[in-house]
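The values are calculated or read from the model by the stated rules, or taken from the named source; none is laboratory data. Treat the numbers as computed from the prediction; the structure is a model and nothing was measured. Please note: Cβ atoms are built from the backbone with ideal geometry, for glycine as well, and neighbour counts cover all protein chains shown. The area values use the complete protein model at the heavy-atom level, side chains included, leaving out ligands, DNA and RNA. Shrake-Rupley method; radii C 1.70, N 1.55, O 1.52, S 1.80 Å.
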Amino acid sequence: MFVSFRALDLNLLKVFEALMTEGSVTRAASALTMTQPAVSNALARLRDALGDPLFVRSGTGIRPTQRAVVLWEPIGEALETVRGALDEQVFDPARAQTEFSLSMSDYVSSLVMPNLLGHLARVAPKARIHTVPNTVLEIADQLEDNRVDCVLSVYVNEAQQPAAIRSRSLWTVDYACFMRRGHPLAAQKRLSTRTFLNAGHVDVSLAGKTMPSYDLFLASRGLSRNLVATVNHYSAAYEVVRQSDLIAVLPSDLRSQSRLAPSLHAMPLPLRAPPRIVSLFWHQRNDTVPAQRWLRETLVEMFARSD
């Protein structure tokens, strides 16, 4: 049975907001200073009123249904407008005791975290931040399950971006061919395609991907290389290159951050793959959450580049 707007208890919308932003009945109850049974009862009333389950169990929390996702944008914005009018709610980073969670690879983390932590120490000294690893295929799940606040990653064809996931481009990744400084190929001014493909390669394959993205690019052109090994961390790939005769297609900007830089030699790629862009991803349910909005604006201000 559907209930009209006039008959709907608008207090239920506050419960809906808490469930969307917290991703858990327990955390929603804590945020609302309600008991879990009271929140569960409110959710049952919402389900009856709106004719939809709204949330389903997922891991240790709950995940919104498609109907809930569609409702969240207008309801979230409306509640934020009302809250702003009544409370003049403003996120104060200097006083906020909050925790943020970011998902990223070790490549992205090595570029982002040193500067971000330095910035937080100055402007948000009571804030805490935690990072977890990510794979391309997990981006949507991490955000929909509320496991992280934001993901900083590339998005490629192996996965489709759901409509509820927002994104903002940050920077384009430049790649080069890396080898140790004493490598037999290091004396050449440039590598021919044949020499490059025949040399032994190591590459990074994050968990959840069948093969490195560069091999997908080569396959699209009917080519293949001598891929000897894959590792699941960029730092490990640089170390393998330093200690062997394997070469690797790796991000150029990570070299400047690595203690291994003096031991590595970089050469232009004879076959340049299409650009890959590191982007900031978040769930639309956090669009209007003040702390989340501040975090996103900070990340964009610090790391977005116009290439």
Once you order the gyration tensor axes a ≥ b ≥ c over the Cα atoms, which shape class does the chain get: rounded for a/c under 1.5, otherwise prolate or oblate by comparing a/b with b/c?
prolate
Probe 1.4 Å, heavy atoms of protein chains only: per residue, the accessible area of region 98-158 in Å² is 41
Given bins 10 angstrom wide, list per bin the percent of all Cα-Cα distances in region 96-191, short to long.
13, 35, 26, 16, 9, 1
Sorted by accessible area with a 1.4 angstrom probe, largest first, how do F91, F281 fall?
F91, F281
Within region 163-203, what residues put their amide N at less than 20 Å from the label point 7 Å along the Cα-to-Cβ vector of L216?
163-176, 202-203
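Roughly speaking, what is the stretch gain from L185 to R122, that is 0.36 nm per residue apart minus the C-alpha to C-alpha distance, in nm to one decimal? Before the final figure, lay out the partial values.
Values: separation 63, 0.36 × 63 = 22.68 nm, distance 4.60 nm.
So the extension gain works out to 18.1 nm.
Mind ranking Y238, Y175 by accessible surface for me, highest first, 1.4 Å probe? Could the numbers behind the result be given before it?
Numbers: Y238 5, Y175 55 Å².
Result, largest first: Y175, Y238.
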When the accessible area of region 120-184 is computed with all protein chains present and a 1.4 Å probe, what percentage of it is carbon and sulfur?
47
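So, with a 1.4 angstrom probe, what is the percent of accessible area on region 218-307 that is carbon and sulfur? Write out the running numbers ahead of the final one.
Values: 2190 of 4400 Å².
Ligands and nucleic acids excluded, carbon and sulfur give 50 percent.
Roughly what % antiparallel, to the nearest 5, for the DSSP beta bridges in the chain?
Numbers: 23 of 36 bridges.
Around 65 percent of the beta bridges assigned by DSSP in the chain are antiparallel ones.
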For the pair R83 and S30, the simple spin-label estimate (label points 7 Å beyond Cα toward Cβ) gives in nm 1.7
